[in-house]
Amino acid sequence: MAAKPILIIVDPQNDFIEGGSLAVSGAQKAMQELTDYLSTRLTLFDRIFVTQDFHPEDHCSFTEQGGTWPKHCVRETFGAEIFPPLKAVLDKCSGVEYCKKGQSKGRDQYSVFDVQNEEITNEDGKKIYDYLKSCEQFCVFMAGIAGDVCVLNTIKDLTQFVENGRIFVFKNFTASLDGGQKLDDYCKENSVNIFSV
């Protein structure tokens, strides 16, 4: 049986696009290229999971709460919404699921899985894992924002449950704060396939 390709798009949200409160350089270009790619290739993927930061107003990661980042992706705001052109394409596909993270004000979650002591702590992460576990064969394709933060941490958690060689990263559909160096280094050291289309 051929492997089922699964796509995980990490945090393609307005606040991470140029003009947003925590903008990543190149994010709009990467998300637009992903949008263009998917507009004719949605059927390539058995399932598409889209992760979203979905923070309360007083989330611990915000600088005003003593955290690292400016306020971003506050639940029910425009900044937390999916990049509109991408959302319009995804709306045409029935096999898309949206998975939220970072919803507790006292806990940050750079990964939708948020693995602690070899256990997945986020319910939406468990949903993705349970789906993968139900497949006899699969490969996971990754894209999103930011490559050196949430994309990287999602991959790190995923590699605890997925064999080497079954994770592929779309480099040109991923924008990073550091230009992609941390993601490239991790992928090379851990047999994660990184490529451009």
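Brief remarks follow.
- Averaging the sequence gap over all C-alpha pairs within less than 8 Å and six or more residues apart, then dividing by the number of residues, gives region 92-197 a relative contact order of 23 percent.
- Spatially proximal lysines relative to Lys171 (Cα-Cα < 18 Å; intrachain offsets below 8 disregarded): Lys29, Lys156, Lys182, Lys188
- Working from Cα pairs under 8 Å separated by at least six residues, relative contact order for region 40-123 is 34 percent.
- nm² value of the averaged projected area, convex hull over the Cα atoms of region 5-116: 7.3
- Radius ratio Rg over Rh of the chain, counting only Cα atoms, Kirkwood formula for Rh: 0.94
- Annotation: amide H of Phe138 within the under-5 Å range of Lys4, sequence separation 5 or more or interchain, hydrogens built in the peptide plane.
- Separation between Cα centres of region 101-122 and region 144-197, rounded to whole Å: 18
Taken together, the values in this text are just the output of simple stated rules run on the coordinates, not laboratory data. This is a predicted model, so every value here is computed, not measured.
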